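Below is one structure, written out as structure tokens; comments come after it.
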Amino acid sequence: MIGAGFIGLEVVEAAKKCGKEVVVFQLEDRVLKEVFDAEMTTYLEDELRAHGVNLQKSTKVVALKGENVVTHIVTDKEEVQVDLVILATGVRPNTAFLKDSGIEMLGNGAIVVDNEGKTSIANIYAAGDCATVPHLLKETPAYIPLATSANKLGRIVGENLGGNTMSFEGTLGSSCIKVMDIEAGRTGLSEEEAKRMNLDYKTVYIVDKNQTDYYPGQESIAIKLIYDSATKVILGGQVVGKKDAVQRTNVIAAAIYAKMTTKQLGMLDLCYAPPFARTWDALNVAGNVAK
């Protein structure tokens with residue numbers, strides 16, 4: 001597997017369930033580096049290795065060798081014999097045909113659109129993986145090729161083409177993945193993004209439990225919050241665990257949308273029953289720990 005993004009890791013899991021010997025070559029020093037912060041990707045990498053995946057990070061694939069089929073991968077470190085190669089190195093907007101049209105695009109070719117799906121050319125709209133998407137927390141257009149935002153902005157465009165006037169409030173880049181027996185979700189800004197935006201932010205990182213210990217199924221769950229230093233308004237969140245990590249990420253997304261503070265999250269009235277949480281949910285704990 002060349003590439004350790006969403007698609008790459010999902011295919012890795014499928015291959016392992018088929019009993020295959022899997023090697024992952026990742027150019028970056030972490031898996032899903034543009035999605036999760038280091039505290040969270042450590043869990044994912046440990047899970048891959050625990051299931052026998054040979055993870056080769058900071059490794060550049062320079063050539064594929066073979067006659068009719070690929071038999072070897074050549075990296076900047078070694079040559080490896082293979083039976084099958086899968087490329088999952090990301091996506092790029094297929095917009096080269098618009099190069100001389102005058103339409104505004106990002107450096108990667110993504111068509112820049114506003115909250116109504118309008119491009120820089122009158123009466124031309126765009127949505128989906130060819131276009132940017134307005135971000136709720138960023139002033140600049142974001143390229144986040146996810147099915148969720150593509151569908152939402154696509155609906156906005158359809159409504160506006162039909163004569164209505166609808167505006168997309170913005171994405172949070174909410175996304176999730178299952179890696180073997182572990183799940184992870186993120187929403188809003190990562191710490192890396194907050195740094196690049198020169199925000200005055202703080203973070204809190206906790207490891208708690210997903211439910212009570214006297215009911216079968218208790219597992220550890222890790223939560224990271226990114227929030228404004230002065231106002232304590234939540235800017236981003238990431239959750240990793242074996243059970244209910246993604247659904248807790250959805251709660252954080254709603255909290256960001258509502259401009260909630262960490263203090264409000266700490267006292268948020270979340271459901272409790274032994275199979276689902278503890279009396280203080282892990283999200284409550286994360287909110288209360290944030291200072």
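The values are calculated or read from the model by the stated rules, or taken from the named source; none is laboratory data. From a predicted model like this one, the values you see are computed outputs, not experimental measurements. All Cβ positions, even for glycine, are placed from backbone atoms using ideal geometry, and neighbour counts span all protein chains on display. In case anyone asks, the SASA skips ligands and DNA or RNA and just uses the protein heavy atoms, side chains included. Shrake-Rupley method; radii C 1.70, N 1.55, O 1.52, S 1.80 Å.
Of the residues making up region 209-235, just one is out of contact with any helix residue (DSSP H, G or I) (no Cβ under 7 Å at 6 or more places or on another chain) and at positive phi, namely Gly217. Can we say Ala277 is in contact (Cβ under 8 Å) with a residue 60 or more places away in the chain, of a type in the set (Gly, Ala, Ser), out of contact with any helix residue (DSSP H, G or I) (no Cβ under 6 Å at 6 or more places or on another chain) and crowded, with 23+ Cβ neighbours inside 10 Å? In short, no. The numbered conditions (1) crowded, with 23+ Cβ neighbours inside 10 Å; (2) touching a Gly at 6+ places or on another chain (Cβ under 9 Å) are all true for Lys263 except (1).
Do you know which residues across region 183-198 are touching a Leu at 6+ places or on another chain (Cβ under 7 Å) and either β-branched (Val, Ile, Thr) or at negative phi (or both)?
Ala184, Thr187, Leu189, Ala194
The residue that is least open to solvent (accessible area, probe 1.4 Å), among those in region 198-223 that are over 21 Å from the mean Cα position of the chain (by Cα) and among the aromatic types (Phe, Trp, Tyr), is Tyr215.
In region 1-26, the residues that are closer than 19 Å to Ser175 by Cβ form Cβ pairs under 6 Å with partners that are surrounded by fewer than 21 Cβ atoms within 10 Å (Cβ to Cβ), at six or more places apart or across chains, as follows: Gly3/Ala88; Gly3/Thr89; Ile7/Ala88; Gly8/Ala88; Val11/Ile86; Val12/Val22; Glu13/Met180; Gln26/Lys57. Applying the criterion of at least 2 residues that are touching a strand residue (DSSP E or B) at 6+ places or on another chain (Cβ under 8 Å) and within 30 Å of Leu189 (Cβ to Cβ) to the strands (runs of 3 or more DSSP E) found wholly in region 22-80 leaves 23-25, 54-56. Within region 117-137, count every residue that is open to solvent by less than 50 Å² (accessible area, probe 1.4 Å) and of a type outside the set (A, V, I, L, M, F, W, C). Total satisfying the criteria: 6. Scanning region 74-94 for residues that are under 30 Å from Gly107 (Cα atoms), open to solvent by less than 40 Å² (accessible area, probe 1.4 Å) and of a type in the set (A, V, I, L, M) returns Val74, Val85, Ala88. Candidates are the residues of region 59-73 that are in contact (Cβ under 8 Å) with a residue 12 or more places away in the chain and open to solvent by 60 Å² or more (accessible area, probe 1.4 Å); the one that is nearest to Glu10 (Cα to Cα) is Lys60. Take region 95-109 and flag every residue that is out of contact with any Cys (no Cβ under 7 Å at 6 or more places or on another chain) and buried (at least 18 other Cβ atoms within 10 Å of the Cβ). The answer is Leu98, Met105. Just one of the listed residues (Ala253, Ala258) is small (Gly, Ala, Ser) and open to solvent by 60 Å² or more (accessible area, probe 1.4 Å), and it is Ala258.
Pairs linking a residue in region 124-145 that is among the aromatic types (Phe, Trp, Tyr) to a residue that is part of a strand (DSSP E or B) and open to solvent by 40 Å² or more (accessible area, probe 1.4 Å), with Cβ atoms under 9 Å and 6 or more positions apart or on different chains, are Tyr125/Lys118. Within region 40-56, being open to solvent by 60 Å² or more (accessible area, probe 1.4 Å) and without any contact (Cβ under 8 Å) to a residue 60 or more places away in the chain holds for Thr42, Asp46, Arg49, Asn54. Of all residue pairs spaced 6 or more apart or on separate chains, those with beta-carbon atoms under 8 Å, a first member in region 226-254 that is over 18 Å from Asp281 (Cβ atoms) and a second member that is open to solvent by less than 10 Å² (accessible area, probe 1.4 Å) and polar (S, T, N, Q) are Ile226/Ser190; Lys232/Thr262; Gly236/Thr187; Gly236/Ser190.
For residues in region 81-102 being part of a loop (DSSP other than H, G, I, E, B) and hydrophobic (A, V, I, L, M, F, W, C), which is farthest from the chain's Cα centre (by Cα)? Outline the logic, then answer.
Taking region 81-102 first, the residues part of a loop (DSSP other than H, G, I, E, B) are 82-86, 88-95, 99-102.
From what is left, the residues that are hydrophobic (A, V, I, L, M, F, W, C) are 82, 84-86, 88, 91.
Details: Val82: 29, Leu84: 27, Val85: 24, Ile86: 21, Ala88: 16, Val91: 14 Å.
Once the filter is applied, the top-ranked residue is Val82.
Please go through region 1-39 and pick out each residue that is buried (at least 19 other Cβ atoms within 10 Å of the Cβ), of a type in the set (A, V, I, L, M, F, W, C) and within 19 Å of Val74 (Cβ to Cβ). Scanning region 1-39 gives Met1, Ile2, Ala4, Val22, Val24, Phe25.
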